[in-house]
1. Could you check what % of the DSSP bridge pairs in the chain are antiparallel, to the nearest 5?
2. Need one number: nm distance between label points at residue 80 and residue 96, each 7 Å from Cα along Cα→Cβ, rounded to one decimal.
3. Set the Förster distance to 25 Å, then compute FRET efficiency between residue 169 and residue 190 from the Cβ-Cβ distance, nearest 0.05.
4. Among 130, 63, 55, which one moves the most in a GNM of the chain with springs linking Cα atoms closer than 10 Å?
5. With each run of n ≥ 4 DSSP H residues scored as -39500 (n - 2.57), what mean residue ellipticity at 222 nm is computed for the chain after dividing by its residue count and rounding to the nearest 500 deg cm²/dmol?
6. Over the Cα atoms of the stretch 154-265, what radius of gyration and what Dmax do you get, in Å?
7. Once label points are set 7 Å from the Cα along Cα→Cβ at both residue 56 and residue 4, what is their separation, rounded to one decimal in nm?
8. Sticking with the crude label model, points 7 Å out along Cα→Cβ, report the distance from residue 239 to residue 152 in nm, one decimal please.
Ligand code: IPD
Ligand code: CA
Ligand code: CA
């Protein structure tokens with residue numbers, strides 16, 4: 001891939017300005033939402049904050065890079081024919097947290113060149129944390145280089161995960177994996193923003209993260225954050241390409257094989273409890 005560090009730096013600066021515009025919108029609308037709707041699946045929320053953040057991010061990216069395509073969660077693909085670059089935008093990752101005023105939410109912007117993530121930013125305006133990575137530039141948190149953890153085993157790890165919005169209907173709902181890994185690690189966190197979860201893996205706060213049902217805008221920035229911080233990110237099967245696999249496994253690299261083996265072999269015997277339990281009415 002021909003992609004220079006200078007280009008990475010230039011695009012990263014554009015991504016950072018765009019993310020700050022989105023972040024400003026999220027700060028302005030915090031606690032003032034008047035329009036909270038469900039999308040096609042129960043619990044999958046969208047608000048005016050998602051739309052307004054997206055609008056200002058897209059306007060800025062289109063002005064700075066008119067030759068690049070953009071794929072954004074709420075308005076889909078804005079294609080520029082022949083472009084090798086695609087900006088992938090989640091204008092508000094962690095919408096459920098946002099509606100409940102839980103400040104674990106972020107703007108996530110990744111840039112793909114020929115389908116490969118080459119720059120990414122995950123920005124949490126509430127904690128003032130800006131995680132950035134560019135191809136060959138390393139990963140930074142507010143300008144300081146960060147690295148994945150050195151934790152050597154699953155039993156000494158703290159992990160993170162999430163549950164897709166189809167979890168009520170889909171037996172592949174991650175509950176069994178969650179139970180197993182909760183019992184065999186120092187803990188599993190379910191924080192509510194996949195983009196930030198990946199940024200936390202890059203920062204060494206989490207030793208690993210997994211989730212199924214993720215979309216490209218949840219992870220495009222996180223992929224390069226983890227890779228440039230020395231971590232590994234693959235499908236559950238431990239394979240590339242991962243962007244459209246929907247089953248994402250990220251880690252410090254050391255515990256990766258162990259996590260992959262668990263995710264591929266946990267029995268789903270918890271299902272009868274979830275779907276056949278009768279709770280008496282009073
Ligand atoms: C969601 C968050 C959440 C994850 C969901 C995502 P949204 O994104 O990243 O942590 O569990 O799968 O869809 O809907 O808040 O942008
Ligand atoms: Ca998201
Ligand atoms: Ca979103």
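Laboratory data are not the source of any read-out in this text; all were calculated from the coordinates shown. For clarity, every value in this text was computed on a predicted model and none was experimentally measured. Please note: Cβ atoms are built from the backbone with ideal geometry, for glycine as well, and neighbour counts cover all protein chains shown.
1. 80 percent
2. Simple spin-label model gives 3.6 nm for this pair.
3. Approximately 0.85, to the nearest 0.05.
4. The residue that fluctuates most here is 63.
5. Taken over the chain, the calculation gives -10500 deg cm²/dmol.
6. Cα radius of gyration and Dmax of the stretch 154-265 are 12.4, 36 Å respectively.
7. 3.3 nm
8. 3.2 nm
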